1. Name the single residue that is modelled with the lowest pLDDT among those in the range B:66-80 being closer than 17 Å to B:Ile143 by Cα and touching a Gly at 6+ places or on another chain (Cβ under 9 Å).
2. When you scan the range B:113-134, how many residues do you find that are part of a helix (DSSP H, G or I) and more than 14 Å from chain A (Cβ to nearest Cβ)?
3. How many residues are touching a residue at least 24 places away in the same chain (Cβ under 8 Å) and not in a strand (DSSP E or B) if we restrict to the range B:249-266?
4. Under the condition of being assigned to a strand (DSSP E or B) and among the hydrophobic types (A, V, I, L, M, F, W, C), which residue from the range B:64-98 is farthest from the other protein chains (Cβ to nearest Cβ)?
5. If I ask for residues that are surrounded by fewer than 19 Cβ atoms within 10 Å (Cβ to Cβ) and not small (Gly, Ala, Ser), which ones from the range A:267-276 would you list?
6. Restricting to the range B:17-41, what's the tally of residues that are touching a Gly at 6+ places or on another chain (Cβ under 8 Å) and either on the phi < 0 side of the Ramachandran plot or outside the structural domain of B:Tyr187 (by TED's automatic domain parsing) (or both)?
7. For the range A:319-345, give me the residue count where each residue is under 33 Å from the mean Cα position of the chain (by Cα) and exposed (fewer than 15 other Cβ atoms within 10 Å of the Cβ).
Amino acid sequence: MLLSLIGKQMKMLLRNKQPLIILLVMPLVLITILSTALAGVMDNGGESAIQARLVILDESNWEQEEESIKSFIEEQGVSGSALDALLTQVKMNDPIHILENSILASKEVGKYISVEKKKATDLNNLRKDKNIDGILMIPSNFRLNYIKSAYFGVNQTPDIDVFLSQENEIRASIIQSVIQEWQNGFTKSLVFSKAGISPNEIMQNTENVKKIEQELQERERKIPASIYYTVGMLVMFALYIPTFLSGFALQEVQWKVYDRLILAGVSSTLYTVSIFITGTIVAVMQQAIILIFGKLVLGIDWIGAEGMLVIVLGYSFFIGGLSSLLTTLQLRTKSEGAANIFSGFVVSIFAFLGGSFFNIGDVSSLLANIGNFTPNGATMTAILSIQKGQQLEVIWSYISALFVWFILCVLLSIVLFPKRGGTS
Amino acid sequence: MLQAINLQKKFKTKEVVCNINMQLEKGESVGLLGPNGAGKSTTISMLSSLVMPTSGEVFWNKVSINKNPEALRKTLGIVPQEIALYPELTAKENLAFFGRIYGLKGRLLIERTEEILLKIGLSDRKNDIVKTFSGGMKRRLNIGAALLHKPSILIMDEPTVGIDPQSRAYILDTVKQLVEEGMTLLYTSHYMEEVELLCDKIYIMDQGEIIAYGTKEELKLLVSDNQTIELKAHLLSSAFEEALQKQFPMASVRKEEDILLISMPKKEEPLATIFAIAADNAVTITSAIVKIPSLEDVFLHLTGRALRD
């Protein structure tokens, strides 16, 4: 019986032009218009493609250092064929060679970091260039110090200088994480060598890509207009679903179809549950279509699938609960007043406070805080947090607000549903 | 057996139904006759357990449906005055939906749906969306939806309102067939001829009260002392009407379009006198019919108003 009721409600919704236009066509059109029109304003300084620019200034080279390295090794009592073998090994495990030709040249890291080589004399000019995210400066005695430290246990750390840009933290942090991993590898070469592990292997085996991706997740992405308005319209237009479902319910009462349902043994609880489930399903479908539209048409890269799923489901449950409540109010008052007030007034206020039209926080932090307690505002903030790359934990306070709204709607539906004869 | 005892319904302070007593035996077809606003629909809502009476009781097979409405609901088919259908669904989808909520499924549901579509003459339009149907077709489907679960009692509230004569005749034939098959029927209408055609027993209702009840014959006996003469004539004049009223002071003389209706006690033999008065007033009578009393006359006699006023 429940499935029949849900199926019937879905057919009524899908075969009516007005709901389809308002629930699907309008948000998609508005998303396209607003994303395009306001892209210039909102996307300033935004960066969606994450590729950091690294410049390497290498003052060292083998030719210059080879003699001093040889002398140092001979001083340590190594000579003849043993010296040649060690030099071959040292060359093979050269950290700079590994960094340039293995780590940074790899396909995975190359996605995130582009590398250029410049002269050390350009350092001052390069540091002023805002398009450069990081500069790695390798001093002239780097290899000698490395060999002393890694092969002979001399307590002399091979220094490098890393200059990171303050302009884009995410890109700078990507460079930092790769350099740190590399540095970690070569400073512990001696320990690894004694354990029979080649320093080369260690430096290349760093989890650079994982680190970068972790870095991206931990750091905030800028939200472009396309994401902002897709989410803004998504949360706003879902609020129209209860209006249509409660409108159909009122028609059922006015046409006396509801009397037939009562006579057939459909209880008020079952009826309300069917409205709740239909509202939830329609909300999930609507949000899925809008999110897919954003991905395919606007090229949005939605991240944080788990968090998004939790939020979309949570909001859909709320929409289902609100559908039940609005139905209850309409049946109780036997008029479209409740739905009209809701769609004409409450949705606009909620959309304004929730930030569907613009970031209300730019106007007033008080209003923004109030907006975060509206169901659509809480949902929007939660989705945007996930899209900024924040951790899943940050959404729980917003999900809690949604849950409170959901419980409130369900309880009021139960308490206010008209008793026998209240709809005839 | 459906029985109503002292049913009363008040909406706030307004009493719309007062002290109704009714009884429907199994297989009986009962008419509830009354003008618009008489309280017929409210009475039906109380009888079908949809509205709780302010006072009084309704019993179905001696079980109080005030306390136990489920006792009646599953065995009841109701045809409301409104088109209680989903306009966005097809005829078949509507019937299948109502069948399913009554617990029909699978092959039984398919068979029953096809059977009903055949009965109401909509088999060839079963896959069409209801909102594309004519008023008569919607009314037929409205009846079909009430028959799917094979109810043992059918309550029909003005099922022929606002439709063309052809559809009306079809519906009346269908209902007559149901009655002949033994369906217990409560039929409300303000069309006398429908109630006369379909019902064995009739309750006449006005201003929330039952003002008379009985079989057609019993009700007509209430006006058996009266006769109505229907005159058609050329050059009908107010002088002629006044002369008739003067001659028959006990009569009520009224004009409906080009027909003059004279109601008077049966004991008088008026035709010769009427023709004489017509001749005196230069009126040429083209036809004069002495009418057998109808339910319309009964209602007029009881309330002083025509049923459709």
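1. That would be B:Lys74.
2. Looking only at that region, the number is 9.
3. 2
4. Across the range B:64-98, the extreme among qualifying residues is B:Val79.
5. Hits for the range A:267-276 are A:Thr269, A:Leu270, A:Val273.
6. Matching residues across the range B:17-41 total 5.
7. 2
Matching residues to (1) touching an Asp or Glu at 6+ places or on another chain (Cβ under 9 Å); (2) assigned to a strand (DSSP E or B):
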{"site": "B:Ala4", "(1), (2)": "yes, yes"}
{"site": "B:Lys10", "(1), (2)": "no, yes"}
{"site": "B:Cys18", "(1), (2)": "yes, yes"}
{"site": "B:Lys26", "(1), (2)": "no, no"}
{"site": "B:Ser41", "(1), (2)": "yes, no"}
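The values are calculated or read from the model by the stated rules, or taken from the named source; none is laboratory data. Note that the coordinates shown come from a computational prediction; the quantities given were computed from them, not determined experimentally. Quick reminder, even Gly has a Cβ in these numbers, built from the backbone with ideal geometry, and neighbours come from all protein chains shown.
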